[in-house]
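Each remark here refers to the structure printed beneath this line.
The values are calculated or read from the model by the stated rules, or taken from the named source; none is laboratory data. For clarity, every value in this text was computed on a predicted model and none was experimentally measured. Note that each Cβ is placed from the backbone with ideal geometry, even for glycine, and that neighbours are counted across all protein chains shown.
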């Protein structure tokens, strides 16, 4: 069964690099990748926060939040 | 052709979570994963530094360094 991996970003250059270089490197046999732009979809900032995301870009995988490098604090996207 | 993805860590709890949760989630069809414990293999700290790694855990993929959450500064492993 596939797991959904959610990549949260804000369109920043660091985010684009992480999406292209790391999020798309996940195994497509095991993960369905969902990409969420929190700058455009502010309704999902609370969901990201509940998942443990404190900054973007971040990848939430099997319930764990992995912050990848640093683009922006989640707080500035609220 | 497969690319080598190098996961640098220092055996810290944050490192273990990132290795199990993210490094092993990479597509095995495209990436060969190499795991390097910089605490035990100090000779490779300089190599990690040249690849842009500033803290562990970090994943170097196609020439880009992705710092995943934060375990320890690379400087303390020298």
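Before moving on, here are some points about what is shown:
- Within the stretch B:40-56, being in contact with a strand residue (DSSP E or B) (Cβ under 8 Å, 6 or more places away or on another chain) and free of Cβ contacts under 8 Å to residues at least 40 places away in the same chain holds for B:44, B:52, B:54, B:55.
- Residue check, residue B:19 at pLDDT 95 or above, more than 10 Å from chain A (Cβ to nearest Cβ) and outside any strand (DSSP E or B): yes
- Flag for residue B:25 being over 14 Å from residue B:74 (Cβ atoms) and under 11 Å from the mean Cα position of the chain (by Cα): no
- Enumeration of residues in the stretch B:22-47 that are buried (at least 18 other Cβ atoms within 10 Å of the Cβ) and within 14 Å of chain A (Cβ to nearest Cβ): B:22, B:23, B:25, B:26, B:31
- Unmet requirement for residue A:11, which otherwise passes all of (1) surrounded by 13 or more Cβ atoms within 10 Å (Cβ to Cβ); (2) in a loop (DSSP other than H, G, I, E, B); (3) within 12 Å of another protein chain (Cβ to nearest Cβ): (3)
- Subset of the stretch A:57-78 [within 14 Å of another protein chain (Cβ to nearest Cβ) and without any contact (Cβ under 8 Å) to a residue 12 or more places away in the chain]: A:66
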